[in-house]
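> Structure below; questions to follow.
Just so it is clear, none of the values below were taken in a lab; they were calculated from the coordinates. None of the values given here were measured: they were computed from a predicted structure. Heads up, the Cβs are rebuilt from the backbone with ideal geometry, glycines too, and the neighbour counts pull from every protein chain shown.
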Amino acid sequence: MSAFGRRSGMNGGTPVRPAFGVARPMQGGGAAAPRPDADGGAQFPPIDSLPMPGETELPGTMPGSMAAGAMDAMQRLSDRQNASGEAGNSRVEGFEQSIHKIKEQVLPRLLERVDPEAAATLGKDELAEEFRPIIGEVLAELKLTLNRREQFALEKVLVDELLGLGPLEELLSDPNITDIMVNGPEQTYVERKGKLELAPIQFRDEEHLFQIAQRIVNSVGRRVDQTSPLADARLKDGSRVNVIVPPLSLRGTAISIRKFSAKPITLDMMAGFGSMSPKMATALKIAGASRFNVVISGGTGSGKTTMLNALSKMIDPGERVLTIEDAAELRLQQPHWLPLETRPANLEGQGEISIRDLVKNALRMRPDRIILGEIRGSECFDMLAAMNTGHDGSMCTLHANSPREALARMENMVMMSDIKVPKEAISRQIADSVELIIQVKRLRDGSRRVTNITEVIGMEGPVIVTQELFKFEYLDESADGKIVGEYRSMGLRPYTLDKARQFGFDQAFLEACL
């Protein structure tokens with residue numbers, strides 16, 4: 001093999017000089033002589049010497065489609081490098097800008113005429129009715145004339161400002177938005193259909209944004225200030241909120257909101273969206289109904305909590321289910337469901353209740369299943385103990401990029417805690433406890449897919465043995481940037497078939513996996 005990847009051949013006992021590219025020796029004035037058979041004969045012609053269908057390529061040149069593809073890729077890299085990072089301000093323009101300016105003039109005078117305590121007791125519609133004549137007076141004082149549309153928009157903005165979350169209300173009411181990311185008062189991004197875009201909203205200043213952040217965390221009995229600049233909270237609809245304020249955030253108060261669909265998503269709906277195949281949906285339904293111990297693995301925003309909610313619909317209504325989270329966001333449909341939530345330390349640094357404390361206490365509450373929103377540390381050991389001591393069907397999520405990495409992360413989490421257990425014993429505990437790993441991933445086109453469903457079989461020496469039941473395989477990318485792939489069943493007999501047989505699902509489970 002030469003340095004350029006071509007194999008040297010022999011021609012009549014004389015070594016042939018390795019060819020460079022696809023250049024052929026020149027023959028004076030005549031046709032090109034046949035090239036020595038240095039690359040394996042006509043049966044295996046050089047790949048780069050083959051013209052594309054319908055094209056005639058000159059010897060020694062790159063095929064046109066390959067050249068065009070390379071040039072297109074280089075152009076995209078150049079565009080990415082030259083893209084300006086300055087166009088990141090959420091500027092309010094047009095009609096919204098005019099309403100925003102009028103609101104800034106009306107709000108101070110309105111607050112002089114309104115009793116805040118009385119206003120807090122009214123609903124939004126009642127408050128709008130009470131505000132209408134007062135707003136009219138203020139507009140008359142300011143000598144401003146508004147049409148009906150502008151007046152209704154102004155009323156809504158003012159009510160949102162006094163009772164709601166100000167500019168965020170508009171984004172929260174949009175069902176197509178799944179994430180809201182506020183990076184200081186002048187920049188807000190949202191996620192629609194898996195893609196990030198700049199939102200046309202703006203806060204008055206840092207103080208205005210900080211007041212809204214405090215309003216969010218105070219509603220769930222938490223606080224955020226310079227002494228405790230981090231806070232997890234939730235909104236009334238169950239959306240998860242994270243707040244980080246200066247001095248940790250250098251661009252001002254940052255708010256991250258993960259919204260959840262008002263309509264619960266089921267496994268059948270996920271199969272309809274293309275997030276998994278119908279056979280995978282059937283296998284997961286059986287796993288939920290047959291009380292498999294399940295770990296859902298994936299990156300941030302990949303859909304782990306959505307998958308956990310969908311799986312939980314397969315739990316028998318007669319089972320007692322406890323959920324444990326930092327900020328309660330799981331919404332189970334079962335009648336016998338008790339959500340538990342951690343508590344941060346108070347100003348004196350006391351009174352903290354961690355996930356591990358709640359897991360230990362949950363074992364004394366006679367649960368049939370324990371569901372952890374996410375495991376991050378030493379609570380992993382207690383969760384494994386629960387899975388292995390009569391709480392079959394327990395579930396949890398964790399951050400990992402593959403099923404094998406998820407197992408390694410669980411080992412690391414237990415080893416980093418104060419529990420002094422040999423690594424082999426930890427691996428055996430994981431192998432005995434976890435039965436199924438579901439890997440979810442958000443692909444670069446914004447779609448969320450189940451990429452692997454993997455069984456944990458047991459131990460072979462010091463290694464945890466797994467077998468893959470289903471896999472998503474990337475095939476191509478469409479013209480509009482959508483990823484095209486195929487969900488493949490590996491055709492293996494499930495190791496957990498005996499457990500499915502106890503619930504009468506063995507035949508359906510076997511057919512789904514084969």
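> Amide H of residue 259: which non-local residues (sequence gap of 5 or more, or other chain) have their own amide H closer than 5 Å, using H built in the peptide plane?
Residues meeting the criterion, in which the H sits 1.01 Å from N, are 179, 180.
> Let me ask something else about it. With just the Cα atoms defining each centre, how far is the stretch 117-189 from the stretch 426-478? Give it in Å.
For the stretch 117-189 versus the stretch 426-478, the Cα centre distance is 47 Å.
> What list of ³J(HN,Hα) values in whole Hz, one per residue of the stretch 121-136 in order, does the Karplus curve 6.51 cos²θ - 1.76 cosθ + 1.60 (θ = phi - 60°) give from phi, with Gly and Pro shown as x?
Coupling constants for the stretch 121-136: 7, 9, x, 5, 5, 5, 5, 4, 5, 5, 6, 3, x, 5, 4, x Hz.
> Would you calculate the separation in nanometres between label points at residue 72 and residue 262, each defined as 7 Å from the Cα along the Cα-to-beta-carbon direction?
Modelled inter-label distance: 4.1 nm.
> Could you list which residues have their amide H under 5 Å from that of residue 470, counting only those 5 or more apart in sequence or on another chain, with H placed in the peptide plane?
Amide H neighbours of residue 470: 453, 490.
> Moving to a separate point now. Return the tail of the calculated pair distribution for the stretch 164-260, meaning the percent of Cα-Cα pairs more than 19 Å apart.
On the way: 1612 of 4656 pairs.
Tail of the P(r) past 19 Å holds 35 percent of the pairs.
> If you take every residue apart from residue 468 with its C-beta less than 11 Å away from the C-beta of residue 468, what net charge results, scoring Lys and Arg +1 and Asp and Glu -1? Working shown, then result.
On the way: positive: 404, 471, 488; negative: 455.
Summing Lys/Arg as +1 and Asp/Glu as -1 gives +2.
> Could you tell me the distance between the Cα centroids of the stretch 194-233 and the stretch 281-321, to the nearest Å?
32 Å
> OK, next. Enumerate the whole-percent occupancy of each 5 Å bin, from 0 to the last occupied one, for all C-alpha pair distances of the stretch 267-513.
It works out to 1, 6, 13, 18, 20, 17, 12, 7, 3, 2, 1, 0, in whole percents.
> Quick check on the exposure proxy: order 487, 495 from fewest to most C-beta atoms within 10 angstrom.
On the way: 487 20, 495 17.
Lowest to highest Cβ neighbour count: 495, 487.
> So what are the ³J(HN,Hα) numbers for the stretch 276-284, from phi and the Karplus equation (6.51, -1.76, 1.60; θ = phi - 60°), rounded to whole Hz, Gly and Pro as x?
7, 8, x, 5, 5, 4, 4, 4, 6
> What order, most packed first, do the peptides 430-440, 185-195 have when packing is the mean number of other Cβ atoms within 10 Å of each residue? Walk me through the numbers on the way to the answer.
Details: 430-440: 23.3, 185-195: 17.0.
Taking the mean over residues of other Cβ atoms within 10 Å, the ranking is 430-440, 185-195.
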